[in-house]
Amino acid sequence: MAEYPIEKHVFASFDGVELAWQEMGAGRPVILIHGYFSDADTNWIRYGHAAAVAAKGCRVIMPDLRGHGASAKPHDPASYPPDALARDGHALVAHLGLQDYDLGGYSLGARTTARMLATGATPRRIVFSGMGLEGLTMAERRAGHFRHILTNLGKHERGSPAWLAEAFLKTTGGDPVALLGVIDTFVSTLPDVVAGFDRPAIVVNGVDDDDNGSAAALAAHLPDATLVEVPGNHMSAVVKPELGQAIATFLAG
């Protein structure tokens, strides 16, 4: 696969919080948003997904969500109002002056995509990955799980889901205080609103991933969606090349 230079940038979001994003490739813009505890490097760059999309003639724009990666990690609860992540996404679109673009994300990035759509974003095509219908309509579904992880660090039983999540947190250098704040930004999207996302969509999920509910139910609920299952569960699907290939093929269509 071709090597693409990576550009790194920062900008001030709607409330002045400094956010980072990376880009690779040239052509049609697509914004891809990473998952909770992760960052653009881990989710999109390290395992070749961004390069696969760039190879299809795309300008791949990958923000680090507030509280994650190279973006600011404020500890003030006021920095984490409901829908802050969607507002950050709108701010990035405006900062870049994008008019015709595609939009998607993995896990929390998929939920952020939904919240952007629910609050006025107008991409041509959308990507929901690592996400099921319940993950959008019941945003609080996993909040307790993550609060438990972050407030009991070092106490989880080895090999348990919480222990594995804490291990991943260590690899990404996550800030537990900021990440607890991020949970407060979560907002559910009503099922009838999801059913109104009337643009071509792909739902890409690990075949063994039900962390955010049913991907098949999400694909069925959307008016113009294709379901693609790739190997792995919620954690492991991200490292599989099939994930990026499925997204790249969809965006090239």
Residues in the range 6-32 that are surrounded by fewer than 16 Cβ atoms within 10 Å (Cβ to Cβ), more than 22 Å from residue 67 (Cβ to Cβ) and touching a residue at least 24 places away in the same chain (Cβ under 8 Å) total 2
Within the range 195-214, does at least one residue satisfy the condition of being in contact with a helix residue (DSSP H, G or I) (Cβ under 7 Å, 6 or more places away or on another chain), closer than 19 Å to residue 105 by Cβ and part of a helix (DSSP H, G or I)?
no
Quick one: residue 109 ticks every box in (1) out of contact with any Ser or Thr (no Cβ under 8 Å at 6 or more places or on another chain); (2) of a type in the set (Gly, Ala, Ser); (3) closer than 18 Å to residue 30 by Cβ except a single one, so which number is it?
(1)
Given the conditions (1) in a helix (DSSP H, G or I); (2) out of contact with any Phe, Trp or Tyr (no Cβ under 9 Å at 6 or more places or on another chain), every one holds for residue 182 apart from (2)
Candidate set from the range 170-209 (those that are surrounded by fewer than 20 Cβ atoms within 10 Å (Cβ to Cβ) and modelled with pLDDT under 95); member that is nearest to the chain's Cα centre (by Cα):
172
Please work out if residue 3 is more than 19 Å from the chain's Cα centre (by Cα) and either within 28 Å of residue 232 (Cβ to Cβ) or buried (at least 24 other Cβ atoms within 10 Å of the Cβ) (or both).
yes
How many of the residues making up the range 6-18 are over 19 Å from residue 53 (Cβ atoms) and either among the β-branched types (Val, Ile, Thr) or touching a Leu at 6+ places or on another chain (Cβ under 7 Å) (or both)?
4
Given the criteria surrounded by fewer than 24 Cβ atoms within 10 Å (Cβ to Cβ) and not aromatic (Phe, Trp, Tyr), does residue 84 qualify?
no
Every residue from the range 76-135 that is touching a residue at least 40 places away in the same chain (Cβ under 8 Å) and polar (S, T, N, Q)
79, 107, 112, 113, 129
Restricting attention to the range 221-253, which residues are within 16 Å of residue 60 (Cβ to Cβ) and crowded, with 16+ Cβ neighbours inside 10 Å?
238, 243, 244, 245, 246, 247, 248, 250, 251
Qualifying positions in the range 33-55 - β-branched (Val, Ile, Thr), touching a His at 6+ places or on another chain (Cβ under 8 Å) and buried (at least 24 other Cβ atoms within 10 Å of the Cβ)
none
Going through the range 124-135 one residue at a time, which ones are assigned to a loop (DSSP other than H, G, I, E, B) and of a type in the set (A, V, I, L, M, F, W, C)?
131
Among residues belonging to the range 145-163 that are more than 22 Å from residue 111 (Cα to Cα) and not small (Gly, Ala, Ser), point out the one that is surrounded by the most Cβ atoms within 10 Å (Cβ to Cβ).
156
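The values are calculated or read from the model by the stated rules, or taken from the named source; none is laboratory data. The shown structure was predicted, so the numbers you read here are calculated from the model rather than taken from an experiment. Cβ sites come from the backbone with ideal geometry, for glycine too, and all protein chains shown count toward neighbours.
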